[in-house]
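The values are calculated or read from the model by the stated rules, or taken from the named source; none is laboratory data. Here the structure is a predicted model, which is why all the values come from computation and not from measurement. Note that each Cβ is placed from the backbone with ideal geometry, even for glycine, and that neighbours are counted across all protein chains shown.
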Amino acid sequence: MVFEPYTILVMVLASLYGLFVGAVPGLSATMAVALLVPVTFFMQPIPAIAAMVTATAMAIFSGDIPGCLLRIPGTPASAAYTDEAFAMTRKGMAETALGAGLVFSAVGGLFGTVVLIVAAPALADFALNFSSFEYFWLVLLGLTCAVFITSDRPLKGMITLLLGLLVACVGLGNPAGFPRFTFGNAEMTGGIGMIPMMIGMFAISEVIRFAVDTLPPGEVVVEKVGSVLSGQWALAKKYPVQILRGSLLGTAVGALPGAGADIAAWMSYAMSKKFSKEPEKFGTGHVEGIVESGSANNSALAGAWIPALVFGIPGDSITAIVIGVLYMKNLNPGPTLFTTNPQNIYAVFMLFIIANIIMIPLGILCIKVAKRILRVPRNVLMPLILLFCIVGAFAINNSLFDVGVMLVAGMVAYLLEENGFPIAPAILGVVLGGMLEENFITSMIKSDGNLAGFVSRPIAASLAAVVLLVWLAPLLKKLWLRGRRTASSTAA
Amino acid sequence: MKFNDAIFGAILLALGIVVLAVVQGYPGIPGQQVGPALFPGLIAAGLCVCGAMLLAKGWRERHAAAWVRLGDWAASPRHVLSAALVIGAVLFYMFASERLGFLPTAAISLLALMLAMRVPPGRALLIALVAALLIHAAFYKLLRVPLPWGVLMPIAW
């Protein structure tokens with residue numbers, strides 16, 4: 001399935017596309033996937049997934065390129081170490097920085113894939129026994145993580161989550177089959193289309209951001225980039241612990257709902273600095289942090305697929321889109337996907353391995369032509385992307401209503417992000433709203449409205465305890481800090 | 001474009017109240033305690049609480065943060081025009097594409113956007129025409145999306 005010429009061709013094209021999108025500042029990996037959806041809509045499931053897996057892996061790596069050469073991250077996932085990479089470029093070490101980004105991206109990606117291959121089927125086996133109670137708590141845990149762990153503003157995260165859940169309520173798709181918030185509009189009885197909404201939130205918002213961007217474009221400081229692979233083996237031998245730690249943290253953060261490659265990179269860069277033997281060198285053009293967080297952001301991509309495939313709970317905004325596509329292809333995510341269609345799951349694993357291996361040669365190629373990519377005029381590119389978004393949103397249902405949904409979603413996302421509201425919880429709310437309500441209502445009916453029924457099964461009770469703990473964590477932390485302060489003041 | 005948190009708080013609080021009012025009218029399901037109003041009702045209650053908290057926070061900070069702060073772009077007519085055209089192009093497509101047809105609508109939007117973003121006119125015109133034709137070919141011919149022909153119907157290919 002994977003080695004059919006058509007799939008291979010799709011992967012190569014998707015790679016080139018992903019490398020390009022990642023390398024152009026202002027175009028993110030999530031946007032790459034959102035723009036791919038209208039095209040993959042017309043493909044068989046495996047090539048469609050192949051296109052998304054390869055494009056994202058490539059885009060997360062190639063986001064390092066403008067970070068290194070222009071000091072502008074190509075995607076948010078490279079932002080954590082952009083200053084570091086640029087400082088290396090200033091020191092004449094651009095090859096090493098880019099090479100480390102490339103090689104350890106591939107290593108991290110492969111590590112995450114191994115975890116995915118081992119963990120996902122085992123989890124799926126376990127999840128087969130889950131009832132609506134467990135699913136209710138699991139979805140709630142995912143949403144809770146998105147609000148409390150991955151955002152520094154829990155109140156604003158909570159608000160975007162609620163807005164997302166509210167959007168998911170629109171239409172007939174609820175347990176009672178009652179049309180909600182449709183305003184008598186026939187198009188809205190089917191609910192708000194997830195794909196047009198995602199195209200709006202991730203692509204239209206970026207086009208708007210470009211249109212109002214008054215900063216001058218960056219200048220390329222490097223004339224020529226030499227051999228990127230030389231010296232990478234030495235780095236791998238020098239920093240094995242860092243590579244492992246970055247990949248492990250990245251996979252774990254990726255698997256947490258709502259947190260993706262960008263947060264993985266920030267966390268692992270900070271961790272690298274904290275545990276480094278030479279933390280004073282960080283920020284001055286030191287490769288250690290790039291090695292660690294470069295592997296973290298790519299391993300997060302694979303990690304995000306674990307909850308996405310097993311529970312249908314997206315680990316990041318990219319898999320949120322992927323889940324939408326899986327439903328369209330009748331590959332509904334969930335534990336049964338592993339028992340009824342195991343060949344599809346193995347094909348996905350295979351795709352991840354191939355994508356991370358072909359990343360190295362294609363990445364080298366991309367670095368060679370990087371200067372030309374960085375010179376692509378964005379004032380031509382952005383209008384083209386806008387037109388592509390319009391046609392793409394239209395193509396899903398051949399409906400102009402969806403084009404409107406895309407526009408509104410894009411404007412709202414832009415406005416919210418400008419004002420410090422995190423977007424990831426909103427996406428999760430939209431994707432998981434239906435599932436949360438269905439499991440909640442089913443559980444309510446099963447337990448006859450008795451809330452004790454929600455915690456009467458052991459796994460459900462444990463999940464409930466974890467949810468409660470995450471909810472109370474900020475409060476407990478505050479109390480603990482206050483307690484310590486009073487303790488130290490009385491001691492003094 | 002940045003607004004004081006109190007403005008967002010007030011809007012969210014109002015939204016929560018409206019939703020709560022709307023779901024009151026939803027029917028119950030005979031023989032069950034839970035109906036279609038329960039879930040959106042809970043969300044709306046949450047929105048009210050969060051909106052009120054944000055309103056309070058913004059009100060406390062009203063002296064530190066301006067009610068509305070426009071970005072640097074607001075002072076630059078070129079950027080205002082670009083942003084307006086981005087939104088305008090989508091609206092134009094929604095309302096004109098059926099009658100005018102995909103190709104003219106797309107070419108006009110692209111041309112206007114590129115001119116506003118300072119692409120030289122000759123190049124902008126060429127790119128607008130070629131790109132409209134390419135996207136049309138890709139979606140209409142290859143993916144069989146029924147893009148409208150509009151005024152070009154007599155010469156449709």
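The table below lists the values:
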| quantity | calculated |
| --- | --- |
| Selection status of A:Pro47, at pLDDT 90 or above, under 18 Å from A:Ile195 (Cβ atoms) and of a type outside the set (A, V, I, L, M) | yes |
| Residue selected from segment B:50-73 under the condition among the aliphatic types (A, V, I, L, M) and under 15 Å from B:Lys2 (Cβ atoms), by the criterion surrounded by the most Cβ atoms within 10 Å (Cβ to Cβ) | B:Leu54 |
| Qualifying residue in segment A:95-105 (condition: among the charged types (D, E, K, R) and farther than 22 Å from A:Val455 by Cα) | yes |
| Criterion (touching a Gly at 6+ places or on another chain (Cβ under 6 Å) and closer than 18 Å to A:Pro154 by Cβ) met by exactly one of B:Gly46, B:Gly28, B:Gly35, B:Gly58 | B:Gly58 |
| Condition check for A:Phe111: among the aromatic types (Phe, Trp, Tyr) and either in a helix (DSSP H, G or I) or touching a Cys at 6+ places or on another chain (Cβ under 6 Å) (or both) | yes |
| Any hit, segment B:39-47, residues being among the hydrophobic types (A, V, I, L, M, F, W, C) and more than 10 Å from chain A (Cβ to nearest Cβ) | no |
| Filtered residue count, segment A:13-44, keeping only those that are of a type in the set (Phe, Trp, Tyr) and either under 19 Å from A:Ala106 (Cα atoms) or modelled with pLDDT of 90 or more (or both) | 2 |
| Among residues of segment B:84-130, those that are touching a residue at least 24 places away in the same chain (Cβ under 8 Å), over 22 Å from the mean Cα position of the chain (by Cα) and facing chain A (nearest Cβ under 9 Å), counted | 1 |
| Residue match in segment B:51-66 (condition: facing chain A (nearest Cβ under 10 Å), touching a Lys or Arg at 6+ places or on another chain (Cβ under 9 Å) and not aliphatic (A, V, I, L, M)) | no |
| Verdict on B:Gly35 being within 19 Å of A:Thr160 (Cβ to Cβ) and among the small types (Gly, Ala, Ser) | no |
| Qualifying positions in segment A:415-435 - out of contact with any Cys (no Cβ under 7 Å at 6 or more places or on another chain) and either within 19 Å of A:Gly193 (Cβ to Cβ) or among the basic types (Lys, Arg) (or both) | A:Ile423, A:Ala426, A:Ile427, A:Leu428, A:Gly429, A:Val430, A:Val431, A:Leu432, A:Gly434, A:Met435 |
| Counted residues, segment A:432-474 - those being within 31 Å of the chain's Cα centre (by Cα), within 14 Å of chain B (Cβ to nearest Cβ) and hydrophobic (A, V, I, L, M, F, W, C) | 7 |
| Residue list for segment A:140-179, filter: among the charged types (D, E, K, R) and in contact (Cβ under 8 Å) with a residue 12 or more places away in the chain | A:Arg153, A:Lys156 |
| B:Ser76 being within 11 Å of another protein chain (Cβ to nearest Cβ) and buried (at least 18 other Cβ atoms within 10 Å of the Cβ) | no |
| Residue that is modelled with pLDDT of 90 or more and under 30 Å from A:Ile396 (Cβ atoms), where the choices are A:Ala302, A:Ala259 | A:Ala302 |
| Selection within segment A:312-325 - in contact (Cβ under 8 Å) with a residue 60 or more places away in the chain and outside any loop (DSSP other than H, G, I, E, B) | A:Ser317, A:Ile318, A:Ala320, A:Ile321, A:Val322, A:Ile323, A:Gly324, A:Val325 |
| Candidate set from segment A:379-412 (those that are at the interface with another protein chain (Cβ under 10 Å from one of its Cβ atoms) and over 27 Å from B:Leu143 (Cα atoms)); member that is modelled with the lowest pLDDT | A:Asn379 |
| Pair list, Cβ under 8 Å, 6 or more apart: segment A:26-44 residue more than 12 Å from chain B (Cβ to nearest Cβ), other residue in a loop (DSSP other than H, G, I, E, B) and of a type in the set (Ser, Thr, Tyr) | A:Leu27/A:Thr75; A:Ser28/A:Thr75; A:Ala29/A:Thr75 |
